Amino acid sequence: MPGLMDRLKGFTRSPQGRKLTDTARRTASDPRRRAQAGRLLGRLRGGRRH
């Protein structure tokens, strides 16, 4: 039974995995999306302290 890393590598090499990776890369390069992700991470880390 292949390990988790082997399965992930196999997925990223598949056509579906490459498409998903490309979409994620494009989304991450969008400044508005980066700011949105930063705000979400801040909330998850316990932001919005009063």
Which value at 222 nm does the chain reach when only helices count, each DSSP H run of 4 or more adding -39,500 (n - 2.57), with the total divided by all residues and rounded to the nearest 500 deg cm²/dmol? -24000 deg cm²/dmol
Hey, for a label at LEU41 modelled as a point 7 Å past Cα toward Cβ, could you say which residues of the range 1-26 have their backbone N under 17 Å away? 24-26
Grab the eigenvalues of the alpha-carbon gyration tensor for the chain, scale each by 5, take roots, and send me the semi-axes largest first in whole angstrom. 31, 17, 5
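Only the coordinates and a few stated rules stand behind these numbers; no lab work does. All figures in this text were calculated on a predicted structure; none of them were measured in a lab. Note that each Cβ is placed from the backbone with ideal geometry, even for glycine, and that neighbours are counted across all protein chains shown.
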